[in-house]
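The values are calculated or read from the model by the stated rules, or taken from the named source; none is laboratory data. On a predicted model such as this, the values are computed, not experimentally measured, just so you know. Cβ placement follows ideal geometry from the backbone for every residue including glycine, while neighbour counts extend to all protein chains displayed.
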Amino acid sequence: MATVELRFSAQPEHVRTARLVAAAVARRAGVDEAVLDEVRLAVGEACSRAVGLHRSHGITDPVEVVLSEEEKAFSIEVRDEVPVAGAEGSTPVPGGRNGTDEDSDAEDEDEMGLAVISGLVDDVEVSSSEEGGVIRMSWPTTPVTLLP
């Protein structure tokens, strides 16, 4: 079971790199080739959301992406450092974060991003706490035989 961790500053230009790394690791883990575009898009949405949250809240900590190859699944966690007062823990998608953000445009954009992710990924969970938020996504894998 391999794990790849990626941390990047909350700059939009780094989202593309996260997408490329996620697709490469997913391919190596055995995610079906036909699903790789969905992985790429879902990671792009989740990372863009995290970058937007960091920037709108003035947080300079990096966004973290953890890519894990499990026994029969490949999972990705995108973590942000934006705390939520009175966090309720795991919530179903869409809706995710119920913070006190007064900017309704930002909330609409956040919900739209979560709706896109839930349309791309069958197994997705959004959680938030005082430490930040996590979007966890997973896809089934098939064993990959690497040639020498």
Within the stretch 1-24, considering residues that are under 13 Å from the mean Cα position of the chain (by Cα) and among the β-branched types (Val, Ile, Thr), the one farthest from ARG55 (Cα to Cα): VAL21
Within the stretch 1-101, strands (runs of 3 or more DSSP E) holding 3 or more residues that are at pLDDT below 90: 89-91
Would you pick out the residues in the stretch 12-51 that are touching a strand residue (DSSP E or B) at 6+ places or on another chain (Cβ under 9 Å) and more than 30 Å from PRO143 (Cβ to Cβ)? HIS14, VAL15, ARG49, ALA50, VAL51
For the subset of the stretch 110-148 comprising residues that are among the acidic types (Asp, Glu) and surrounded by 15 or more Cβ atoms within 10 Å (Cβ to Cβ), which member is modelled with the highest pLDDT? GLU125
Using the structure shown, decide if VAL31 is over 20 Å from LEU114 (Cβ atoms) and crowded, with 18+ Cβ neighbours inside 10 Å. yes
